[in-house]
Structure formats: C-alpha cells, structure tokens
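As structure tokens, the structure follows; a few thoughts come after it.
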C-alpha cells in the first residue's frame, strides 16, 4: 500500500525562504559592519589611554571585499603594545643624539637602554564572550530586521 503525503503551503514556504535568502544576501555586509562596530567600541575601551590617545583613535573598521569587515588598531605602535617588547638599545637614526625630557629638563644622549614593555593584549580582551555575543546579536538584528523583504 503506497502512502502519500500532501503538504499544503509548501510553495509559500519555498517563496518565503527565497525572499529570506535575498534579504540575507543584501544585508550580510551591513551585518558584518554592525558586528565589527561592536568589537571596535570594545577594543577602544580596552586600549591603553597613553599620552596622545593615538592608539585608541587608530582602531578602525575596514571593509574586506566580499567577506565583510576587519577591525583592529592601525597605528604603528599597536604591534609593540599588543605583543610587548624585549629590552633593547635605542640609538639615533638621523641625528647625532637622542633628545628626551627627564625630570622636566632636556637630556641629550648617544643611546638609551629601553627596559622592554610588557604585552598588553587589549585586542584579545576585547573579544570576550560577552562582546562576541553582543556582536552576533547586532549582526543578527541587522541581517534579519534592517531591510524589508523584497517583493517579487
């Protein structure tokens, strides 16, 4: 005995899924940027303040063609802050001496011994579970709720 299953509304389900796929395709870059914006804000909050604020200000969201977005610091010193440095000698490159302020007064030196710097992995701290969850929620909201379903 053959059994037959009739599904009513299958065409409507199929059409709805197709419209949802179009909506997702349309909004995927926006969703990536929404998630990246959440991570960028967290990264700026975790970045050390410093004297100039240049490191915090360098955190940027950039588009990666066809993939979404990339977020991270763009300043030259970022890699030294995140990874730390070993003790090293600093020597002048284009001058005869180094210039620095010590105890409020000018000091010139032929070289200086830098003690090294401990790593400050603020980029990784910004990717905490709570921040990633918030980023996923922002992306989901942008992906599914930002644009109306396109008409046929």
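Just the residues that are touching a residue at least 40 places away in the same chain (Cβ under 8 Å) and out of contact with any helix residue (DSSP H, G or I) (no Cβ under 8 Å at 6 or more places or on another chain), please, taken from segment 34-64. 45, the sole residue that qualifies. Working only within segment 106-116, note down all residues that are in contact with a strand residue (DSSP E or B) (Cβ under 8 Å, 6 or more places away or on another chain) and either surrounded by 10 or more Cβ atoms within 10 Å (Cβ to Cβ) or under 24 Å from residue 79 (Cα atoms) (or both). Result: 107, 108, 109, 111, 112, 113, 114, 116.
Among the residues making up segment 120-135, a single one is over 14 Å from the mean Cα position of the chain (by Cα) and either surrounded by 13 or more Cβ atoms within 10 Å (Cβ to Cβ) or not assigned by TED's automatic domain parsing to the domain that holds residue 50 (or both): 120.
Residues are listed down the side, and each one gets a yes or a no for (1) part of a helix (DSSP H, G or I); (2) closer than 22 Å to residue 87 by Cβ; (3) in contact with a helix residue (DSSP H, G or I) (Cβ under 8 Å, 6 or more places away or on another chain):
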| site | (1), (2), (3) |
| --- | --- |
| 107 | no, yes, no |
| 113 | no, yes, no |
| 119 | no, yes, yes |
| 123 | yes, no, yes |
| 131 | yes, no, yes |
| 134 | yes, no, yes |
| 138 | yes, no, yes |
| 141 | yes, no, yes |
| 144 | yes, no, yes |
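Checked against the criteria, residue 87 counts as at pLDDT 95 or above and more than 15 Å from residue 37 (Cβ to Cβ). When residue 92 is tested against the conditions (1) out of contact with any strand residue (DSSP E or B) (no Cβ under 8 Å at 6 or more places or on another chain); (2) in a loop (DSSP other than H, G, I, E, B), the lone failure is (1). Does residue 103 qualify as being surrounded by fewer than 15 Cβ atoms within 10 Å (Cβ to Cβ), at pLDDT below 95, out of contact with any strand residue (DSSP E or B) (no Cβ under 7 Å at 6 or more places or on another chain) and farther than 29 Å from residue 139 by Cα? Yes. Scan segment 59-69 residue by residue and report those that are over 11 Å from the mean Cα position of the chain (by Cα) and either in a helix (DSSP H, G or I) or surrounded by 14 or more Cβ atoms within 10 Å (Cβ to Cβ) (or both). The one that is over 11 Å from the mean Cα position of the chain (by Cα) and either in a helix (DSSP H, G or I) or surrounded by 14 or more Cβ atoms within 10 Å (Cβ to Cβ) (or both): 68.
The values are calculated or read from the model by the stated rules, or taken from the named source; none is laboratory data. The structure displayed is predicted, hence computed values, not measured ones. Note: ideal-geometry Cβ built from the backbone for every residue, glycine included; neighbour counts use all protein chains shown.
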